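Here the structure is laid out as structure tokens; the discussion comes afterwards.
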Protein chains: 2
Amino acid sequence: MPNEHAGDGYPTRRGGPSVALPRRDPVVYGGVDDGPLDAETMHRYGDDGFLVVRGLLDEAEVAACRREVRRLATAADLRGDERLVPEPDSAELRSVFAVHRLSPVFATLCAAEKLVAPARQLLGSAVYLHQTRVNCKPGFRGRDFYWHSDFETWHAEDGMPRIRALTVCVALTDNHAHNGPLLLMPGSHRTFVTGRGSTPGANFRTSLKDQTVGVPDEDAMRTLAAAHRITAFTGRAGDAVVFDSNCMHGSNGNITPDPRMNLFVVFNSVHNTLVEPFAAAAPRPEFLGSRDFTPVGPVPVG
Amino acid sequence: MPNEHAGDGYPTRRGGPSVALPRRDPVVYGGVDDGPLDAETMHRYGDDGFLVVRGLLDEAEVAACRREVRRLATAADLRGDERLVPEPDSAELRSVFAVHRLSPVFATLCAAEKLVAPARQLLGSAVYLHQTRVNCKPGFRGRDFYWHSDFETWHAEDGMPRIRALTVCVALTDNHAHNGPLLLMPGSHRTFVTGRGSTPGANFRTSLKDQTVGVPDEDAMRTLAAAHRITAFTGRAGDAVVFDSNCMHGSNGNITPDPRMNLFVVFNSVHNTLVEPFAAAAPRPEFLGSRDFTPVGPVPVG
């Protein structure tokens, strides 16, 4: 049953138009001594809701990731597996979920200190993997990802209580202006925009291809875009953007020949583990919202 | 019957993969004394296949155009008219064709010397209106326009013999990096890439929403993009790009709140008027390929 208790600070999908609610949680939970990020970087992340890290992966790591995606895309034992999501208009691969479970290469990478340490520092606690995926956005026909706050979905459909999660998004191909780069609204993470509609059963089966439920309505988006403007994360393969789970983002499609393939590694605080969904009858499957809360990497003391 | 005579320099849609053929026609037909463009500008157009003109329309003209589009979009007597094309995924307006016939505002603008004179100069003769349209690319759900050479379609489906036409594309809203700006491949106008497949009857009924026939295959596009790179036309409302009819172009979709509305005015040389289609059973309707070859504006002597 949906978890519609009175204490829900982020009521969403209750019908009617989108409403803008203030964020009730910190953005930066840790301190400058808790990890590799310096004070200025943490401050910028607090203001913008994201930060760009150049060269997080080297060429060999990027190449290994891309080989793994090619292997998974064609693996005979994964044919028809629901973790592999095709494009809405073609059979081409749109997303692969739970890559850390499907691939030792991604398992190692998702537990690497250079990814985990900033997450732990910003979230001020040990962290675990809530979700991992690769979005392929193939050349010529990669479709858009509509505007959304990840947290809205994770709260509504997975039962994530508070805003204390983030994504490390790593470019596995060059992300340039024309191949559908990630668009973010700096500062939008301080506003929780409630989703329209209500969640139908097994919504994820369509939403992973084309999200229409839980997205903010157009009036809310116009207001948010006017207040925060839109900026693109562009960079070379290996560059990364770390973004707050409530930062409004999306991306356009891709008609260029160059695929825009990105790895998304979602870290959640161990103090923010999943309960019952807040706006759905049943939680989504494990590959979308993990209930294995085992911390990754060394656990901080205290 | 298709016009498959032996002298067709641009055979297309004959089955098999796309083939790259050399352009058999000039790019710049006129001289520096034939109009307002200076030698350097004409040279650049010859090299790139397009040129950008800032501030071609003033604010009042832009506002008048946008009012006209709003009027046409909701005009009771145009409901169901085939010149108004909806988006593939929604009822929102994607394109309005033959705006110079539907609207006195556009009729006046499309005959204005500031649009016609550069066309006449570059094409080296009197010109007439082959096609006019507004592509609305609405905010939030404007879909892409896949890569194509206009000339390929006009040759195959309208019976345009040679490459001696161009488009004046005027921004009616700001065109920025994120709302699906026109993407062009500089220099691609010197190569004619044959279209795959053959033309089904009344192809235009689907191609105006989602073009799949006559487009180059992916191998050809990869080669072309590698040779020519991709550049975006961005600018303020009122800015324009003039591009050769064989310049490869397309645009991504638009999830931003800002519509990307552009006027396209296609001028063809009066020495290049339409004959029978080169790769279709019957010509497309008048609103797509006009057979009224009356020159617009003053006709040059000689």
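Limited to segment B:136-147, what total is found for residues that are in a strand (DSSP E or B) and surrounded by 24 or more Cβ atoms within 10 Å (Cβ to Cβ)?
Taking segment B:136-147 first, the residues in a strand (DSSP E or B) are B:142, B:145-147.
If we keep only those that are surrounded by 24 or more Cβ atoms within 10 Å (Cβ to Cβ) too, we end up with B:142, B:147.
Of the residues in that region, 2 qualify.
Tell me, which residue of segment B:177-192 that is open to solvent by less than 20 Å² (accessible area, probe 1.4 Å) and polar (S, T, N, Q) is farthest from the other protein chains (Cβ to nearest Cβ)?
The qualifying residue farthest from the other protein chains (Cβ to nearest Cβ) is B:Ser188.
Name, by its number, the condition in (1) more than 30 Å from B:Arg24 (Cβ to Cβ); (2) buried (at least 24 other Cβ atoms within 10 Å of the Cβ) that does not hold for B:Phe278.
(1)
Of B:Thr167, B:Thr153, B:Thr173, which residue is touching a residue at least 12 places away in the same chain (Cβ under 8 Å), over 22 Å from B:Pro118 (Cα atoms) and not in a loop (DSSP other than H, G, I, E, B)?
Working: B:Thr167 fails: over 22 Å from B:Pro118 (Cα atoms); B:Thr173 fails: not in a loop (DSSP other than H, G, I, E, B).
Step by step, each of B:Thr167, B:Thr153, B:Thr173 is checked, and only B:Thr153 is touching a residue at least 12 places away in the same chain (Cβ under 8 Å), over 22 Å from B:Pro118 (Cα atoms) and not in a loop (DSSP other than H, G, I, E, B).
Could we say that B:Asn272 is of a type outside the set (Asp, Glu) and under 17 Å from the mean Cα position of the chain (by Cα) here?
When the stated conditions are applied, B:Asn272 passes them.
Is it true that B:Asp25 is touching a Lys or Arg at 6+ places or on another chain (Cβ under 6 Å), in a loop (DSSP other than H, G, I, E, B), of a type in the set (Asp, Glu) and open to solvent by less than 70 Å² (accessible area, probe 1.4 Å)? It would help to see each step written out before you state the result.
Numbers: touching a Lys or Arg at 6+ places or on another chain (Cβ under 6 Å): yes; in a loop (DSSP other than H, G, I, E, B): yes; of a type in the set (Asp, Glu): yes; open to solvent by less than 70 Å² (accessible area, probe 1.4 Å): yes.
The answer is yes for B:Asp25.
From the list A:Glu92, A:Glu152, A:Glu87, pick out the single residue that is surrounded by 18 or more Cβ atoms within 10 Å (Cβ to Cβ), modelled with pLDDT under 95 and closer than 27 Å to A:Val213 by Cα. Quick ask: steps written out before the conclusion?
Working: A:Glu92 fails: surrounded by 18 or more Cβ atoms within 10 Å (Cβ to Cβ); A:Glu152 fails: modelled with pLDDT under 95.
The match here is A:Glu87.
For segment B:232-243, give me the residue count where each residue is farther than 22 Å from A:Pro257 by Cβ and either open to solvent by 30 Å² or more (accessible area, probe 1.4 Å) or within 9 Å of chain A (Cβ to nearest Cβ) (or both).
Residues meeting the conditions: 2.
Quick check on my filter: what residues within segment A:104-121 are touching a strand residue (DSSP E or B) at 6+ places or on another chain (Cβ under 6 Å) and among the hydrophobic types (A, V, I, L, M, F, W, C)?
Within segment A:104-121, A:Cys110, A:Leu115, A:Ala119 qualify.
Do we find that A:Arg229 is basic (Lys, Arg), touching a helix residue (DSSP H, G or I) at 6+ places or on another chain (Cβ under 9 Å) and either more than 14 Å from chain B (Cβ to nearest Cβ) or open to solvent by 30 Å² or more (accessible area, probe 1.4 Å) (or both) in this structure? Explain how you work it out, then say what you get.
Working: basic (Lys, Arg): yes; touching a helix residue (DSSP H, G or I) at 6+ places or on another chain (Cβ under 9 Å): no; either more than 14 Å from chain B (Cβ to nearest Cβ) or open to solvent by 30 Å² or more (accessible area, probe 1.4 Å) (or both): yes.
It is false that A:Arg229 is basic (Lys, Arg), touching a helix residue (DSSP H, G or I) at 6+ places or on another chain (Cβ under 9 Å) and either more than 14 Å from chain B (Cβ to nearest Cβ) or open to solvent by 30 Å² or more (accessible area, probe 1.4 Å) (or both).
Kindly list the number of the only condition in (1) over 28 Å from A:Ala117 (Cβ atoms); (2) in contact with a Cys (Cβ under 8 Å, 6 or more places away or on another chain) that fails for A:Ala227.
Condition (2) is where A:Ala227 drops out.
Return the residue satisfying two criteria in turn: it lies in segment A:122-162 and is among the hydroxyl-bearing types (Ser, Thr, Tyr) and touching a strand residue (DSSP E or B) at 6+ places or on another chain (Cβ under 7 Å), and of such residues it is nearest to the other protein chains (Cβ to nearest Cβ).
A:Tyr146
With the condition kept exactly as written, say whether any residue in segment B:99-111 is open to solvent by less than 20 Å² (accessible area, probe 1.4 Å), in contact with a Phe, Trp or Tyr (Cβ under 8 Å, 6 or more places away or on another chain) and closer than 23 Å to B:Val53 by Cα.
Start the filter on segment B:99-111 by keeping residues that are open to solvent by less than 20 Å² (accessible area, probe 1.4 Å), which leaves B:99, B:103, B:106, B:109-110.
Within this subset, residues satisfying the condition of being in contact with a Phe, Trp or Tyr (Cβ under 8 Å, 6 or more places away or on another chain) are B:99.
Among the residues that remain, those that are also closer than 23 Å to B:Val53 by Cα are: B:99.
Taking every residue of segment B:99-111 in turn, at least one turns out to be open to solvent by less than 20 Å² (accessible area, probe 1.4 Å), in contact with a Phe, Trp or Tyr (Cβ under 8 Å, 6 or more places away or on another chain) and closer than 23 Å to B:Val53 by Cα.
Return the residues of segment A:193-224 that are within 12 Å of another protein chain (Cβ to nearest Cβ), surrounded by fewer than 21 Cβ atoms within 10 Å (Cβ to Cβ) and part of a helix (DSSP H, G or I); say none if nothing qualifies.
Of everything in segment A:193-224, those that are within 12 Å of another protein chain (Cβ to nearest Cβ), surrounded by fewer than 21 Cβ atoms within 10 Å (Cβ to Cβ) and part of a helix (DSSP H, G or I) turn out to be A:Glu218, A:Asp219, A:Arg222, A:Thr223.
Just give me the residues in segment A:245-270 being of a type in the set (Val, Ile, Thr) and either more than 14 Å from chain B (Cβ to nearest Cβ) or open to solvent by 10 Å² or more (accessible area, probe 1.4 Å) (or both), in sequence order. Step through it out loud before you land on a result.
First, pick out the residues of segment A:245-270 that are of a type in the set (Val, Ile, Thr): A:255-256, A:265-266, A:270.
Selection gives A:Val265, A:Val266, A:Val270.
Does segment A:35-42 include one or more residues that are under 16 Å from A:Ala119 (Cβ atoms), open to solvent by 20 Å² or more (accessible area, probe 1.4 Å) and in a helix (DSSP H, G or I)?
Yes, segment A:35-42 contains a residue that is under 16 Å from A:Ala119 (Cβ atoms), open to solvent by 20 Å² or more (accessible area, probe 1.4 Å) and in a helix (DSSP H, G or I).
Scan segment A:284-302 for residues that are modelled with pLDDT of 95 or more and open to solvent by 30 Å² or more (accessible area, probe 1.4 Å) and report the count.
Number of matching residues: 7.
Checking the conditions here, which among A:Leu72, A:Leu56 is open to solvent by less than 50 Å² (accessible area, probe 1.4 Å) and outside any helix (DSSP H, G or I)? Give the derivation first.
Values: A:Leu72 fails: outside any helix (DSSP H, G or I).
The match here is A:Leu56.
The values are calculated or read from the model by the stated rules, or taken from the named source; none is laboratory data. Since the model is a prediction, treat every value here as computed from it, not as a measurement. No Cβ is skipped: glycine too gets one built from the backbone with ideal geometry, and neighbour counts run over all protein chains shown. For accessibility, only protein heavy atoms count, side chains too; no ligands or nucleic acids. Shrake-Rupley method; radii C 1.70, N 1.55, O 1.52, S 1.80 Å.
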